[in-house]
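Single-structure report; data block below.
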Amino acid sequence: MSKEVARRLRSKPTEEERILWSELRKRRVAGLRFRRQHPIGPYVVDFVCLEHRFIFEVDGVQHAQPTNVSNDAERTYWLESRGYRVFRAWNWEVRENLEGVITSMLGELGLLSAPEVSPHPGPRPQGGREGK
């Protein structure tokens, strides 16, 4: 079932996923190979670098709602318990500060000395202008 969900999600990416994928595809960032909308256990993650067991999630404003915060925490716990690191960025960050998001991701991977932008979950969405 996850494979079908992943295919469907790949065929209808959000604008922010398209923007991010244009940067991550074809090893354009630090030679890292990412897959998009990739099934891992019961979940489909937005982007994953399997070599580093690093997951990159792009979240819309609905992820700030209490139910989704709880679901995301459970999902993150499950993925981390299997050796993955989960990095999250808000949609607005991808749109407004893609370079900073990429820099922060590379910092999280230990490929830079320090991230310039702290990864979410931090505040911002309230009354958002977001999709996903």
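The values are calculated or read from the model by the stated rules, or taken from the named source; none is laboratory data. Everything numeric here is computed off the predicted structure, so don't read it as measured data. Cβ sites come from the backbone with ideal geometry, for glycine too, and all protein chains shown count toward neighbours. All accessible areas refer to the heavy atoms of the entire protein, side chains included, with ligands and DNA or RNA removed. Shrake-Rupley method; radii C 1.70, N 1.55, O 1.52, S 1.80 Å.
Here are a few things to note about the model shown:
- Search result, residues across region 42-53 that are modelled with pLDDT of 95 or more, open to solvent by 50 Å² or more (accessible area, probe 1.4 Å) and under 18 Å from residue 76 (Cα atoms): 50, 52, 53
- For region 64-92, the set of residues classified as over 22 Å from residue 33 (Cα atoms) and of a type in the set (D, E, K, R) consists of 72, 74, 75, listed by residue number.
- Residue check, residue 56 free of Cβ contacts under 8 Å to residues at least 40 places away in the same chain and of a type in the set (A, V, I, L, M, F, W, C): no
Here's the yes/no breakdown for (1) open to solvent by 10 Å² or more (accessible area, probe 1.4 Å); (2) assigned to a helix (DSSP H, G or I); (3) closer than 24 Å to residue 110 by Cβ:
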position: 31; (1), (2), (3): yes, no, yes
position: 55; (1), (2), (3): no, no, yes
position: 71; (1), (2), (3): yes, yes, no
position: 75; (1), (2), (3): yes, yes, yes
position: 87; (1), (2), (3): no, no, yes
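- Total residues in region 12-27, condition farther than 18 Å from residue 60 by Cα and either exposed (fewer than 14 other Cβ atoms within 10 Å of the Cβ) or of a type in the set (Asp, Glu) (or both): 4
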